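Below is one structure, written out as C-alpha cells; the observations come after it.
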Amino acid sequence: LPTSVGGACVLPCLPAFINDPIFQLQGGKIPIRWTAPEAIAYRKFTSASDVWSYGVVMWEVMSYGERPYWDMSNQDVIKAIDEGYRLPPPMDCPVALHQLMLDCWQRERADRPKFGQIVNMLDKLIRNPNTLKRTGGETAV
C-alpha cells in the first residue's frame, strides 16, 4: 500500500481517523454535487458521507464523465436532493449498479451500505456477469 500521496503522509493518519471517524471542516468550499446532505448541512464528514460521494463517482464513471446534476445550480442540487430527487441511471447502466448508487444515496446515513458491503456487492456482480446484463432501457419479458 502506498504511504504517501503527493508527498503527504497517508497511512499514519489512519489510526486517528479510525478512532474518531468524524472529520469536521472549518471553512473552505464543499463540492456540493458529490457531498451528502448531512455533510453539507453540518460540515461533518464520515464514512457514510464518503459512501454518498462514492455513489456519485460511480454515476460519473457509468455516464462516461457526465457532470452530476448537469447544469443545475448548487442551490438547486441541494433543494432537489432534499426533495428526494436522485440521479437517474446512465444510459445502458446495469440495473444492479444503479440500485447500488441509490443505496449509497439514502437520506439517512445509517441506511447507506458500508464500504465493506459495497465491495461484497461488487464482487458478487463481477462473479456473476449475467446480473450486469439487465439495463434500465430494457422491458421485462
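Taken together, the values in this text are just the output of simple stated rules run on the coordinates, not laboratory data. As the structure is a computational prediction, the values presented were derived from the model and not from experiment. Ideal geometry is used to build each Cβ from the backbone, glycine not excepted, and the neighbour counts take in all protein chains shown.
Some notes on this structure:
- In this simple spin-label model, placing a label point 7 Å from the Cα along the Cα-to-Cβ direction at both T46 and M72 gives a separation of 2.4 nm.
- For the range 28-141, the direction-averaged projected area of the alpha-carbon convex hull comes to 7.9 nm².
- Between R107 and N130, full extension at 0.36 nm per residue minus the direct alpha carbon distance yields a gain of 5.3 nm.
- For a straight C-alpha distance cut-off of 20 angstrom, the lysines reachable from K124 (same-chain residues fewer than eight places away being disregarded) are K114, K133.
- Between Y64 and D82, the simple spin-label model (points 7 angstrom out along Cα→Cβ) gives 3.6 nm.
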